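The values are calculated or read from the model by the stated rules, or taken from the named source; none is laboratory data. These figures come from a predicted structure and were not determined experimentally. Cβ coordinates were reconstructed from backbone atoms using ideal geometry, including for glycine residues, and neighbour counts include every protein chain displayed.
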Amino acid sequence: MTSVSKILADEKYDREAVITLLKSSGADRELLFTKAAEIKQEYIGNKVHLRGLIELTNRCYKNCYYCGIRASNKKVKRFTVGLPEIEQAIKFTYDNNYGSIVIQSGELQSEEFTNSIENILSSIKKIGKGTLGVTLSCGEQSMETYRRWKEAGATRYLLRIESSDKDLYYKLHPNNKKHNFEDRLKALKYLRNCGYQTGTGVMIGLPFQTIENLADDLLFMRNLDIDMCGMGPYIEHADTELYKYRKKVPPKETRVDLSLKMIAILRIMMKDINIASTTAMQTLINGGREMALKAGANIVMPNTTPGLYREQYALYNNKPGINEEAEDSKQSIEKMIERAGCIVAYGEMGNSRHFTKR
Ligand code: SAM
Ligand code: SF4
């Protein structure tokens, strides 16, 4: 028995075991993916739940070193999608039976922003007749704001820890009040306390990141007992601070491999959570999203942001779908899901089973 087969048979995923799985290759690597596929089939089945993604605004008051829409990138043309266009996107999601919506944005902390999200949530309720699940991904906010958004109809929240290693976190963010590691942890606790289905995640293949860091990220997610995860490869953006370390970024193939292994291991460790197949996977490699579904992911987020704005929501270089209108993305995503051997669960919210069971 190889050490990988023993780990998978014993189902004891401690730090050393997770590191071994992340480093697996050849037949051992295949064993890992076979196990993840079995567990996915048993606990999740082959249904994929869709979330119509709206990128609300690229305005952001933060300066994360990896992100193309960071506040100090003067090359970005800033936009905020107006309510009528948002309502069109909500209608698209409802009419096409996607089941859920994600509102993602730069991080803004103001009464005006809090209100605008409340207005959107009220439109989602009205247009979707209360049948649409809603995920927000609008960064760190106060407990009060999270509570207000929950009361207005949001049920899930995704806030990536980006890296659970404090030292690495400060290599990715300025070390100041706006980018405080402890505040990020606190925000995740607030979300849980407010009763959200709570999601987090990390970027994979960052400069300075080690296999040990990634193993710790997985253990962090398990310790936090998350309900959902959105993680994917780091992709360089030329107008960011981190770009100067691009030579320290692992090759594409390694980032894809590590991302798939992270998904597979998390599926094995946290059997019934929702795991997203991210756009960043598709950016790095053609077919990346279906590879992620095969590795254990079960959520896909077709972009429904009006085409006009997509180009300006460039978190990283070469983001796909930038010139596609929502309808094109829908068709290509359906085909991709079929290719992965999965089916689209139309009209279902697709809540985290892990959350529902708790
Ligand atoms: N502003 C909110 C926040 O940071 O939580 C939500 C939107 S933010 C654009 C969503 C995610 O994009 C971040 O959590 C980060 O992991 C990811 N992201 C940003 N720049 C990236 C890059 N260069 N490569 C891969 N992912 C990136
Ligand atoms: Fe702003 Fe989020 Fe980008 Fe950081 S990752 S700069 S908070 S949009």
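Summary of values
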read-out: Cross-chain or 6+ apart pairs with Cβ under 8 Å, segment 74-100 first and more than 20 Å from Ile299 (Cβ to Cβ) and modelled with pLDDT of 95 or more, then of a type in the set (Asp, Glu) and crowded, with 19+ Cβ neighbours inside 10 Å; value: Val81/Glu55
read-out: Tally of residues being closer than 24 Å to Lys47 by Cα, within 16 Å of ligand 1 (Cβ to nearest atom) and out of contact with any Gly (no Cβ under 7 Å at 6 or more places or on another chain) across segment 238-265; value: 2
read-out: Only one of Glu87, Glu42 that is assigned to a helix (DSSP H, G or I), more than 16 Å from ligand 2 (Cβ to nearest atom) and surrounded by 15 or more Cβ atoms within 10 Å (Cβ to Cβ); value: Glu87
read-out: Every residue from segment 156-168 that is surrounded by 19 or more Cβ atoms within 10 Å (Cβ to Cβ) and free of Cβ contacts under 8 Å to residues at least 60 places away in the same chain; value: Tyr157, Leu159, Ile161, Ser163, Ser164, Asp165, Leu168
read-out: Positions within segment 45-64 being within 10 Å of ligand 1 (Cβ to nearest atom), surrounded by 23 or more Cβ atoms within 10 Å (Cβ to Cβ) and charged (D, E, K, R), in sequence order; value: Glu55
read-out: Tabulated pairs, segment 1-14, first farther than 19 Å from Leu219 by Cα, second at pLDDT 95 or above, C-beta under 6 angstrom, 6+ apart or interchain; value: Thr2/Asp28; Ser3/Thr20; Ser5/Leu31
read-out: Condition met for Lys248 (within 16 Å of ligand 2 (Cβ to nearest atom), in contact (Cβ under 8 Å) with a residue 24 or more places away in the chain and over 24 Å from Ser142 (Cβ atoms)); value: no
read-out: Total residues in segment 221-239, condition assigned to a helix (DSSP H, G or I) and either closer than 22 Å to Trp149 by Cβ or hydrophobic (A, V, I, L, M, F, W, C) (or both); value: 2
read-out: All positions within segment 118-136 that are free of Cβ contacts under 8 Å to residues at least 40 places away in the same chain and either assigned to a helix (DSSP H, G or I) or of a type outside the set (Lys, Arg) (or both); value: Glu118, Asn119, Leu121, Ser122, Ile124, Lys125, Lys126, Gly128, Gly130, Val134, Leu136
read-out: Qualifying residue in segment 294-312 (condition: surrounded by 22 or more Cβ atoms within 10 Å (Cβ to Cβ) and either in a helix (DSSP H, G or I) or among the charged types (D, E, K, R) (or both)); value: yes
read-out: Residue list for segment 216-261, restricted to those being more than 27 Å from Ser25 (Cα to Cα) and either of a type in the set (Gly, Ala, Ser) or modelled with pLDDT under 95 (or both); value: Ala238
read-out: Whichever residue in segment 115-137 is under 26 Å from Cys229 (Cβ atoms) and over 18 Å from the mean Cα position of the chain (by Cα) and, among such residues, is surrounded by the fewest Cβ atoms within 10 Å (Cβ to Cβ); value: Thr131
read-out: Contacts under 6 angstrom Cβ, first residue in segment 49-69 being closer than 16 Å to Leu159 by Cβ and within 9 Å of ligand 2 (Cβ to nearest atom), partner modelled with pLDDT of 95 or more and acidic (Asp, Glu), 6 or more apart; value: Cys60/Glu107; Lys62/Glu107
read-out: Counted residues, segment 192-220 - those being of a type in the set (A, V, I, L, M, F, W, C) and assigned to a loop (DSSP other than H, G, I, E, B); value: 3
read-out: So Cys67, is it closer than 19 Å to Ala276 by Cβ and either small (Gly, Ala, Ser) or within 16 Å of ligand 1 (Cβ to nearest atom) (or both); value: yes
read-out: Selection from segment 130-173 of residues that are within 10 Å of ligand 1 (Cβ to nearest atom) and among the β-branched types (Val, Ile, Thr); value: Ile161
